[in-house]
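Rule-based calculations on the coordinates, nothing more; no lab input. Computed from a prediction, not measured in an experiment: that's the story for all the values here. Positions of Cβ are generated from backbone atoms using ideal geometry, with glycine treated the same way; all protein chains shown enter the neighbour counts.
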């Protein structure tokens, strides 16, 4: 029995199988459609949540941080000495904050 001949025969068969596999891998599959070279496009699809977040961000960017009219009105009342703070409303807000912090 000659081992060299079996080894050579095995290598020849394997190299032909590798070539055949490489050729098949280079062929486009039937299930995929490929765009012409140089014309491939990537596609991104955002979830509905991402779209909602984007809408919220755009609304927040256009909404001012401070309600200028309300601040101006309160400043004018303070300067005129007519501003009256609602002590019950303030106390209720303080208690609500305290209860929220304890929970």
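The modelled label-to-label distance for the pair residue 72/residue 41, using points 7 Å beyond Cα in the direction of Cβ, is 4.8 nm.
The value obtained for the stretch 50-103, namely the Cα convex hull volume divided by the number of residues, is 118 Å³ per residue. Label-to-label distance, residue 55 versus residue 98, with points set 7 angstrom from Cα along the beta-carbon direction: 4.1 nm.
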